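Readers should treat all values here as calculations from the given coordinates under stated rules, not as data from a laboratory. Not measured: the values here are computed from a predicted model. Counting neighbours? That spans all protein chains shown, and the Cβs are built from the backbone with ideal geometry, glycine included.
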Amino acid sequence: MPGDCHYLEGNANAKRRVEYTQHLLRSIGLEPERLRMTNLSSAMGHQFADLATRFAEEIRALGPSALRRSRPAAQATAEEG
Amino acid sequence: MIVAEQKPLEEIKGLIAEAQKVLVVGCGTCVTVCFAGGEKEAGILATSLRMATRIDGAPVDVSHATVQRQCEWEYVDPLRDQAHDADIVVSLGCGIGVQALAERFPDVVVVPGLNTTFLGLPTEQGVWEERCAACGSCLLGLTGGICPIARCAKQLLNGPCGGSQNGMCEIGHETPCAWQLIYDRLSAQNRLHLLMDVMPAKDWTTSRDGGPRRITREDLRLAAEASD
């Protein structure tokens with residue numbers, strides 16, 4: 001959790017870098033909500049599963065990213081095949 | 001060191017609007033140390049431009065390369081083929097680096113990816129502050145090592161103005177009053193007598209005000225070039 005990082009300030013540094021990356025995503029034209037940081041410990045398996053499932057649903061609701069939508073149709077088909 | 005920061009991505013996209021092939025060139029010296037234009041930043045910018053232009057519906061082929069210094073011909077020359085291969089080169093060097101690429105490869109369109117801001121140092125990790133104005137006649141020996149040209153908003157030479165309040169400059173932005181700093185430093189060193197000599201009006205001809213500057217060291221020139 002914030003302040004409990006095994007590496008002391010590691011998760012605080014990570015939080016700032018995640019925010020910077022979200023800023024980069026926004027400038028590129030992608031939704032910053034596609035990147036999220038959450039604090040968990042390795043003992044919180046259930047919570048991790050819940051969070052991951054809910055996040056996946058949120059992302060699915062956002063739909064394919066603009067980057068994927070911009071992929072030429074032929075290439076997309078070849079990759080899925 | 002020279003301190004710069006990257007231009008907004010929208011602005012850089014505008015600068016490469018006519019290109020189908022772009023080369024982003026990073027520099028391994030000052031702009032690496034201020035995290036504006038080094039190898040990592042060149043890679044991130046190249047990726048960002050590829051993604052953004054694809055999203056915009058007009059994908060651009062963007063590659064990147066980084067040289068140790070963009071301000072010396074020896075380091076810039078190996079880029080010749082790659083630079084000529086691109087429609088536009090985005091230089092992540094400081095203004096000097098951009099111009100060095102443009103001068104060395106006059107057939108290549110070179111645009112700046114950074115705004116070069118000032119000469120300064122990192123006072124702490126992640127914070128850079130201006131320290132030198134490159135005025136050409138350094139008076140730091142008279143002011144305890146604190147520059148009133150770079151750090152005083154009015155570039156005063158003989159003490160603070162009336163806007164100096166509680167050690168802070170009237171322009172705000174948490175800027176300390178340079179003359180307060182100078183006074184405190186010289187006082188701590190028991191050298192306040194240095195401030196008793198009045199400094200006359202500064203001769204600005206050695207600064208940018210005197211026009212573009214050049215320094216020639218005949219002892220360092222190669223014989224063939226010196227005979228020009």
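Need one number: % antiparallel among DSSP beta bridges in the protein assembly as shown, to the nearest 5.
Values: 13 of 28 bridges.
Restricted to the protein assembly as shown, the bridges split so that about 45 percent are antiparallel.
Among B:14, B:64, A:12, which residue has its Cα positioned farthest towards the positive end of the charge dipole of the protein assembly as shown, with +1 placed on the Cβ of Lys and Arg, -1 on the Cβ of Asp and Glu, and the dipole taken about the Cα centre?
A:12
Using θ = phi - 60° and the Karplus form 6.51 cos²θ - 1.76 cosθ + 1.60, what ³J(HN,Hα) does each residue of the stretch B:151-166 get, whole Hz, x for Gly and Pro?
Calculated HN-Hα couplings, in order: 10, 9, 4, 9, 6, 6, 10, 9, x, x, 8, x, x, 7, 10, 6 Hz.
How large is ³J(HN,Hα), in whole Hz, for each residue of the stretch B:105-121 in order, when computed from phi with the Karplus curve 6.51 cos²θ - 1.76 cosθ + 1.60 and θ = phi - 60°, using x for Gly and Pro?
Each residue of the stretch B:105-121 in turn: 10, x, 7, 9, 7, 10, 10, x, x, 10, 9, 7, 10, 7, 9, x, 9 Hz.
If you build the convex hull over the alpha carbons only and average its shadow over all orientations, what do you get for the stretch B:136-210? Give it in nm² to one decimal.
Details: hull surface 21.0 nm².
Computing the convex hull of the Cα atoms and averaging its projections yields 5.2 nm².
Kindly provide the pair-distance distribution of the protein assembly as shown built from C-alpha pairs, with 10 Å bins from 0 and whole-percent values in order of increasing distance.
Computed distribution, short to long bins: 5, 18, 22, 22, 18, 10, 4, 1, 0.
At R0 = 25 Å, how high is the FRET efficiency between residue B:215 and residue B:80 if r is their beta carbon distance? Nearest 0.05 is fine.
Working: r = 27 Å, r/R0 = 1.09.
The pair residue B:215/residue B:80 has a calculated efficiency of 0.35.
Return the FRET efficiency for the residue pair residue B:138, residue B:15: r is the Cβ-Cβ distance, R0 is 51 Å, and the value is rounded to the nearest 0.05.
Working: r = 36 Å, r/R0 = 0.71.
So, using R0 = 51 Å, E works out to roughly 0.90.
Hey, got a sec? Which GluC sites (Glu not before Pro) in the stretch A:4-56 land in a DSSP loop and have at most 11 other Cβ atoms within 10 Å? Display every interim value, and only then the final one.
On the way: sites: A:9, A:19, A:33; in loops: A:9.
Here the sparse-neighbourhood loop sites are A:9.
Could you pull out the longest piece of chain B with no exposed loop GluC sites (Glu not before Pro) in it, calling a site exposed if DSSP puts it outside H, G, I, E, B and it has at most 10 other Cβ atoms within 10 Å? List each step's numbers first, then the result.
Numbers: sites that count: B:18, B:174, B:218.
The reported range is B:19-173.
Give the angle, between 0 and 90 degrees and rounded to the nearest 10, that separates the Cα long axis of helix B:39-55 from the longest principal axis of the Cα atoms of chain B.
Rounded to the nearest ten degrees, it is 50.
For chain B, what does the relative contact order come out to in percent, with C-alpha contacts under 8 Å and a separation of six or more? Before the final figure, lay out each step's value.
Details: 359 pairs, mean separation 37.2, N = 228.
Reported relative contact order: 16 percent.
Taking every alpha carbon pair in the stretch A:10-80, what does the distance histogram look like in 10 angstrom bins from 0, in percent?
Percent of Cα pairs in each bin: 16, 34, 35, 13, 1.
Rounded to the nearest 500 deg cm²/dmol, what is the calculated helix-only ellipticity per residue at 222 nm for chain B, with -39500 (n - 2.57) per DSSP H run of length n ≥ 4? Could the numbers behind the result be given before it?
Numbers: 9 runs with 67 residues, N = 228.
Mean residue ellipticity, 222 nm, calculated: -7500 deg cm²/dmol.
Per-residue HN-Hα couplings for the stretch B:186-192, Karplus 6.51 cos²θ - 1.76 cosθ + 1.60 at θ = phi - 60°, whole Hz, x for Gly and Pro?
Going residue by residue, I get 5, 5, 5, 8, 6, 10, 4 Hz, with x marking Gly and Pro.
Three principal axis extents, largest first, for the C-alpha atoms of chain B, in Å?
64, 51, 26
Rounded, prolate or oblate, given the Cα gyration tensor of the stretch B:2-118, with a/c below 1.5 counting as rounded?
Details: a/c = 1.79, a/b = 1.25, b/c = 1.43.
It comes out oblate by the Cα gyration axes.
Hey, what number do you get for chain A at 222 nm if only DSSP H runs of n ≥ 4 count, each worth -39500 (n - 2.57), divided across all residues, to the nearest 500?
Values: 4 runs with 49 residues, N = 81.
Roughly -19000 deg cm²/dmol at 222 nm, from the helical runs in chain A.
Please give me the summed charge of the neighbours of residue B:146: other residues whose Cβ is under 14 Å from its Cβ, Lys and Arg +1, Asp and Glu -1.
Values: positive: B:131, B:151, B:185, B:191; negative: B:129, B:130, B:184.
Around residue B:146, the surrounding residues sum to +1.
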